[in-house]
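Chemist: Mind looking over this structure? Questions follow.
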Number of protein chains: 2
Amino acid sequence: MPSPRVKRKTAYHHGDLRRALINAALRLVNESGASAVTLREVARMVGVSHQAPYRHFADRAALLAAVAEEGLRALHTELSQAARNEPDVLSALRACGVTYVLFAVAHPAHFRVMNSAEASASDDPDLQAASDAVFTLLTQTIAEARVGAEGEAATLEYALAAWSVVHGLASLLVEGQLQRRPYAKKSPRELANMALDTLRRGLLTRA
Amino acid sequence: MPSPRVKRKTAYHHGDLRRALINAALRLVNESGASAVTLREVARMVGVSHQAPYRHFADRAALLAAVAEEGLRALHTELSQAARNEPDVLSALRACGVTYVLFAVAHPAHFRVMNSAEASASDDPDLQAASDAVFTLLTQTIAEARVGAEGEAATLEYALAAWSVVHGLASLLVEGQLQRRPYAKKSPRELANMALDTLRRGLLTRA
DNA sequence: GCGCAATGTTGCCCTCGTCTACTTGGGAGG
DNA sequence: CCTCCCAAGTAGACGAGGGCAACATTGCGC
């Protein structure tokens, strides 16, 4: 006997169609990219009519926003775990950066959806909350890594540079821009460490 | 009387349909984003049938690849001009970085097309050449800015970090990820200078 | 001049997003 | 326990886009 929160699946009245649709969309994104996420296909996968999704999502963009939100939550989880497993704040910061890049490489299509303008342009408050959580985690980690140094302004400056590096590297990897370049031989993890080393040390500092 | 290279526009045989189609696509991208670039709409704008474009582009992706190529060429031009106008190699490097970001902000949809995987996945040799030109320009500028320092490996390390920062910042701006953040008050130029300062100085160097 | 290949055209099919109108069934109020 | 109502699902239609196939036109090479 199912718990009261889990409604029975009857022919009509799926029970938790919204969840099922998001899961189907997730699978499609990972397997075939964002353009494969089609309201009709998602409905087909779940076994409902082509109009059923509209009871739960205003349009295709709303479904993709839900997918993006899910991705941001997963990223947040991975980032905080990565930080937690490190002994000191500095290595925690580095771990966050590496994890960000590896997450993108592991889920390229998902990463793309998360950062698409359609997603952030949407005013879905849940999505914004998920995005804010990741940003806050980043700035806090930066702030902790620089205990007692400069003020908040400097923290924001550092956060911008750090976010830009990892996001840029992630994007370049995901979009295959490093494929036919000298970097192709190195693993994403190595590349992330390389870029973070340079960022930490400074570009024009002679060794 | 038109020059021999410019063929007459007859009812049939447009003259330079390929060029016209690319221009139309360019306008659509800038005005309404990549999703607005539709083979049919482009054909309509140029005044040919909905199938005419297929004589010049294998499919929609090929048209977008041509658009991307055009963008990369424009970027290359702007970057080399920016570098040329600077007195010394160091400020040239900085100017390149800032120009990269400003280009992206000035042509967001175009920038997105240039970096989309569909584009770089395409094995169009012209597109690859355009992309390589930009990459080469970047690494050369880096190499010159560090005259007589370390070897090629170090140059590549620095190039990766530099490219990642400017590309990441450009992406974040273009996708609106900085919109609801403390950075929203600053101009793209200021942000680019901020990030490049941090990169140059190093993340954990106390002032 | 003539014929052929490049370039355009018309028509068709399929899929997709989304609108409107209809159906079902489970739970709240009597 | 019955009933009625509204949320959830269904059915069909429309217009638009991508892409195939078959046909039309031209102008260049011979």
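The values are calculated or read from the model by the stated rules, or taken from the named source; none is laboratory data. These numbers were taken from a predicted model, which means no experiment stands behind them. When we count neighbours, we look across all protein chains shown, and the Cβ atoms used for this are built from the backbone with ideal geometry, even at glycine. Accessible surface areas use protein heavy atoms only, side chains included; no ligands, DNA or RNA. Shrake-Rupley method; radii C 1.70, N 1.55, O 1.52, S 1.80 Å.
Chemist: Any chance you could check region B:169-191 for residues losing 50 Å² or more of accessible area when the partner protein chains are in, compared with the chain on its own (1.4 Å probe)?
Modeler: At a threshold of 50 Å² (probe 1.4 Å), the residues of region B:169-191 that become less exposed are B:172, B:175, B:177, B:180, B:181, B:183.
Chemist: How large is the charge dipole for chain A, taken about the Cα centre, if only the Cβ atoms of Lys, Arg (+1) and Asp, Glu (-1) carry charge, to the nearest 20 debye?
Modeler: For chain A, the charge dipole is close to 880 debye.
Chemist: Turning to a different aspect of this structure: For chain B, what's the relative contact order in percent, using C-alpha pairs closer than 8 Å and at least 6 residues apart?
Modeler: So the answer I get is 19 percent.
Chemist: When the accessible area of region A:59-201 is split by element with a 1.4 Å probe, what percent falls to carbon and sulfur?
Modeler: 53
Chemist: Over the Cα atoms of the protein assembly as shown, Rg to Rh with Kirkwood Rh, two decimal places?
Modeler: With Rg and the Kirkwood Rh in hand, the quotient comes to 1.01.
Chemist: Mean residue ellipticity at 222 nm from the helices of the protein assembly as shown, using -39,500 (n - 2.57) per DSSP H segment of n ≥ 4 over the full residue count, to the nearest 500 deg cm²/dmol?
Modeler: -22000 deg cm²/dmol
Chemist: Let me check something: with ligands and nucleic acids excluded, how do A:152, A:78 order by accessible area (1.4 Å probe), largest to smallest?
Modeler: Largest accessible area first, the list is A:152, A:78.
Chemist: Please list, short to long, the whole-number percent of alpha-carbon pairs of chain A in consecutive 10 angstrom bins beginning at zero.
Modeler: Spelled out per bin, shortest first, that is 8, 29, 30, 19, 10, 3, 0, 0.
Chemist: Tell me the per residue accessible area of chain B using a 1.4 Å probe; a whole number in Å² is fine.
Modeler: 51
Chemist: Taking only C-alpha pairs under 8 Å that are 6+ residues apart, what is the relative contact order of region A:75-132 in percent?
Modeler: 21
Chemist: Please report, as a whole percent, how much of the solvent-accessible surface of region B:12-57 comes from carbon and sulfur atoms (probe radius 1.4 Å).
Modeler: On region B:12-57, the fraction of accessible area on carbon and sulfur atoms equals 47 percent.
Chemist: Could you tell me the relative contact order of region A:8-57? Use alpha-carbon pairs under 8 Å, at least six residues apart, and round to a whole percent.
Modeler: In percent, rounded to a whole number, it is 31.
Chemist: Further question: What is the interface area between chains A and B, defined as buried accessible area summed over both chains with a 1.4 Å probe, reported in Å² to the nearest 100?
Modeler: By this definition, chains A and B bury close to 4800 Å².
Chemist: Based on DSSP loop calls and a cut-off of at most 16 other Cβ atoms within 10 Å, the longest stretch of chain A free of exposed trypsin sites (Lys or Arg not before Pro) is what?
Modeler: Longest gap between qualifying sites, sites excluded: A:10-179.
Chemist: On to the next question. Mind checking Rg over Rh on region A:8-57, alpha carbons, Kirkwood formula for Rh?
Modeler: 0.97
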